[in-house]
Structure formats: C-alpha cells, structure tokens
Amino acid sequence: MWKKRALGALAVGAVTMLVACGGGGTSSGGSSAPAKKIALLLPESKTARYESKDRPLFEAKLKALCSSCQIIYSNANQDAAQQQSQADAALTNGANVLVLDAVDGAAAATIATKAKQQNVPVVSYDRLITGTPAVTYYISFDNVAVGKLQGTSLLQALGGKSSASVVMINGAPTDNNAKLFKQGAHSVLDGKVTVAKEYDTPDWSPNQAQNEMSQALTALNNKVDGVYAANDGTGGGAIAAMKAAGVKPLPPVTGQDAELAAIQRIVSGEQYMTVYKAIKPEAEGAAELAFDLATGASVPSSTVNGSVNNGAADIKSVLLKPVAVTKSNVKDTVVQDGFWSVSDICTAQFADSCKAAGLQ
Ligand code: BGC
C-alpha cells in the first residue's frame, strides 16, 4: 500500500517536472505550471572566475536540465548591501531557489532567513552563509585543504630554509572561505617560517593586496623569502608590488583559482603555484541542486558527501577536492581537465616559457 502511494507520488512528481521543465515551454490546455525561476547571485567581478567560468557553466547546465527555466542573474560587485537588494529583487520576482555566493557570509544570513520565510530554498554557493539554519545546501571545496596546499607548496619552494621570512596576504575578512584558507595555511606554516607581516585584504582587492605588499617591503627592507597570497588576484598584486620595488629574483608566491594570467605567470616563473578548483563540477552541481529544489525532486543522497556546521546548524554539503598546480603539473591538471588549453596559455609572449615547461 505504502509502496503504491509512493510510486504514485513519484509519477505525479515526474509529470509535474515534465510540465514545468519540458522542451520549449509550450503551454497547452492551460495546465502547464509556470516556468521555474532560479536566481544566481555572485559576489564580485574583479576575480576572473565568476563571469568567465561560474556563471556560464551554471547557466549552460541549468538550460540543459530545463530549457524553460528562467535564470535571474546578479553580481554584487563586492557590495553586501547591493547583494541584499539583488536577493530581495529576486524574491519579489518570484525566484523559486536562490543560489547565493555571499559577499559577506554573516550578513547573508538575513537573505537566507527571508528566503526561508517565503519557502524559497537557498544553496550556499562556494562561500558558506553563517549563523542561520535557513541554508538548504552548501556546495564548495574543502577550503581548509586549499590553505594547506598553499602552505605546503610554499614550504617546498622555500626548501627548508630556516627562519624564512614570509608575508601573508589573506582574503576578505567577511568571506568565510578566507578564514578557512588562512586557518589551513597557518596550520602548515606556523613554527616553520617567520610570518613577518600579515594582512587581511578587504574585498579581495588586487590593488589593496599590492598596497599591502608595498608596505611590507618598506617595513622589511625588501627582505622577503616567500609570499602567501590567498588567491591569484592578490598574488598578482603582490608580484606587481615586488616588481615595482625592484625585488629580484622574485620569491615564491602562492595563489588560487588557476586564473589564466596566473597559469601564465607560473609557466614563466613569476608565480610559484596556484590551487586549481574545478569550477565545472561546482557550478554544474549547484545547477542540479537548484533544479531539484525548484521542481521538488528529491536530491540524490549520493550528491551530498559531508556536512558543515555554519554556527547555527549542520548544513548538508557537497565538498570538492582542490589540487595544487606548479610549473611541473600544469599539463596534467588544468590542461588535461580542459580548464585551459595549451593555446590559451601559450600565446606568443609565453612561447619560450611554454617550450621550456614542456607544454609545446
Ligand atoms: C573563492 C575564491 C576567490 C575569492 C575571491 C573565495 O571565496 O573561493 O575562489 O578567489 O573568493 O573572489
């Protein structure tokens, strides 16, 4: 009996899904449900990934799952208040799900709580929304592992140099990820190097990172053995500051995101490493979650591989694995995975470095 009813419910669910999400959204007989609306709210545009990877990959996957679904897209340009109004606008517009990459993880609790009051599920995308149980799923990477990879690579580059002097350029204090990267990096570096200067970088701004590095160089008389930069944007800022101050040779610098410019700096020897986080499974996984939540389909239990406490509740999580990239494995990581092609990386300016690195 129970089985029959469950099967019946499944069948009804399947029909609803077909009606809501079928091909061209033809409305026949007035019985079609309104097209689902899914909001994707990204935090900023100074970091290349959001507009060049996250957004297009998410949109393509969602369109493939549901051609009639409507995507409401907003980018908050590092402004938490703007993100709040973008989320309000999405809810007013009838969004059925919010996929939210929070500018400010604590402030975004207000957004999630409001969504919950309207029965709109929230997927916390890449960055954790903290301090509220109103988060349906969290999809991200193991972010402490990101920091550990950065720290471990930096130690390798320093080759056991005793009391090496390191400058740490962390990410934005409002981003829960930045906290986790920093924690992971400290867990590896503390006691092994001297952290001579350390900064948190508001908004993850590369310009701000450049200023921080300039200050550090002045204070340390240009004596720096290594730079922990939390991502490629801040790493690029630190490198620019060192070049401007005439630091030669450049010390090892870390990064994250496998941005094209950073991969090129790695190939040419200006940056030591980056962390590759495959954005495709992250963005596509979020699109699948959003689709299931919008249509009321059950999320397959195999999707979730962990749970993360956000200070208010344990949030069901999908956590992906980050990978360290140095000159020696560019080919076996980002190229093999189709993140960048050899022709993307090896433009005329990098032809010689690419040959030397075995990329061409
Ligand atoms: C993301 C990084 C990104 C940084 C700056 C972090 O939350 O995980 O990939 O570089 O924000 O936008």
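Across the chain, C-alpha contacts under 8 Å between residues 6 or more apart give a mean separation that, scaled by the residue count, equals a relative contact order of 16 percent.
Shape of the stretch 48-94 from its Cα gyration tensor (a ≥ b ≥ c, root eigenvalues): rounded if a/c is under 1.5, otherwise prolate when a/b > b/c, or oblate? Oblate. The shape of the stretch 217-360 comes out oblate: with a ≥ b ≥ c from the C-alpha gyration tensor, a/c is at least 1.5 while a/b does not beat b/c. For the charge dipole of the chain, defined by +1 on Lys and Arg C-beta atoms and -1 on Asp and Glu C-beta atoms about the Cα centroid, which residue among TYR137, THR152, TYR228 has the Cα displaced farthest towards the positive pole? With unit charges placed on the Cβ atoms, the residue in question is TYR137.
Carbon-plus-sulfur accessible fraction, the stretch 124-267 (probe radius 1.4 Å, protein heavy atoms only): 50%.
Rolling a 1.4 Å probe over the heavy atoms of the protein chains gives the stretch 144-293 an accessible area of 35 Å² per residue. A 1.4 Å probe, protein heavy atoms only, puts the accessible area of LEU220 near 40 Å². Each residue of the stretch 177-185 was assigned a 3J(HN,Hα) from its phi angle through the Karplus curve 6.51 cos²θ - 1.76 cosθ + 1.60 (θ = phi - 60°); the sequence is 4, 4, 4, 6, 4, 4, 4, x, 5 Hz, with glycine and proline shown as x. The string of couplings for the stretch 282-293 from the Karplus curve (6.51, -1.76, 1.60, θ = phi - 60°) is 5, 5, 6, x, 5, 5, 5, 4, 4, 4, 4, 5 Hz, one whole number per residue in order, with x for Gly and Pro.
Charges at C-beta only: +1 for Lys and Arg, -1 for Asp and Glu. How large is the resulting dipole of the chain about its Cα centre, in Debye rounded to 20?
Once rounded to the nearest 20, the dipole reads 640 debye.
Our note on the geometry: Cα centres of the stretch 147-217 and the stretch 281-321, 30 Å apart. How would you classify the chain from its alpha-carbon gyration tensor, with a ≥ b ≥ c the square roots of the eigenvalues: rounded for a/c under 1.5, else prolate if a/b is greater than b/c, otherwise oblate? It comes out prolate by the Cα gyration axes. Residues in the stretch 210-217 carry Karplus couplings, in order, of 5, 4, 4, 5, 4, 4, 4, 5 Hz; the curve used is 6.51 cos²θ - 1.76 cosθ + 1.60 with θ = phi - 60°, and Gly or Pro positions show x.
The values are calculated or read from the model by the stated rules, or taken from the named source; none is laboratory data. Just so you know, these numbers come straight off a predicted model, no measurement behind them. Because the Cβ atoms are built from the backbone with ideal geometry, glycine has one as well, and the counts that use them run over all protein chains shown. What goes into the accessible areas is simple: the full protein's heavy atoms, side chains included, and nothing from ligands, DNA or RNA. Shrake-Rupley method; radii C 1.70, N 1.55, O 1.52, S 1.80 Å.
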